Amino acid sequence: MRYNLFNEGNSMKGLEERIEKIEKRNKKVETDKAWETSWTRRICIMILTYIIVIIYSYFIKKYDNVLLSSLVPLIGFTLSTLSIKIVRKIWEEKRR
């Protein structure tokens with residue numbers, strides 16, 4: 001979205017509000033990027049994936065099927081990323 005800062009219709013208050021929105025958005029983008037590259041996220045995904053692999057392997061140990069075995073990383077990663085929201089909230093609180 002482009003703004004014409006030199007338009008006569010722009011009030012100082014309107015410009016301040018726009019700048020505040022941009023700064024708020026930038027802060028959210030910075031937090032998202034920091035989370036994506038954080039070791040907390042990586043370790044959490046590894047641990048949750050490992051736990052899911054153990055549970056899955058326990059239930060599937062009777063079968064020797066490549067297709068079933070191939071589901072392990074997919075299921076582990078998907079479930080770990082879904083359940084990681086709680087960890088992210090805690091991480092964001094400690095980051096502030």
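What follows is calculated from the coordinates using simple rules that are stated; it is not laboratory data. Note that the coordinates shown come from a computational prediction; the quantities given were computed from them, not determined experimentally. Cβ coordinates were reconstructed from backbone atoms using ideal geometry, including for glycine residues, and neighbour counts include every protein chain displayed.
Can you give the calculated 222 nm mean residue ellipticity of the chain, where each DSSP H run of n ≥ 4 adds -39,500 (n - 2.57) and the sum is split over every residue, rounded to the nearest 500 deg cm²/dmol?
Helices in the chain give a 222 nm mean residue ellipticity of -27000 deg cm²/dmol.
Based on the mean of other beta carbon atoms within 10 Å per residue, what is the order of 22-34, 79-91, 58-70, most packed first?
79-91, 22-34, 58-70
Can you give the Rg to Rh ratio of the chain, both from alpha-carbon atoms, with Rh computed by the Kirkwood formula?
Looking at the chain, the ratio lands at 1.31.
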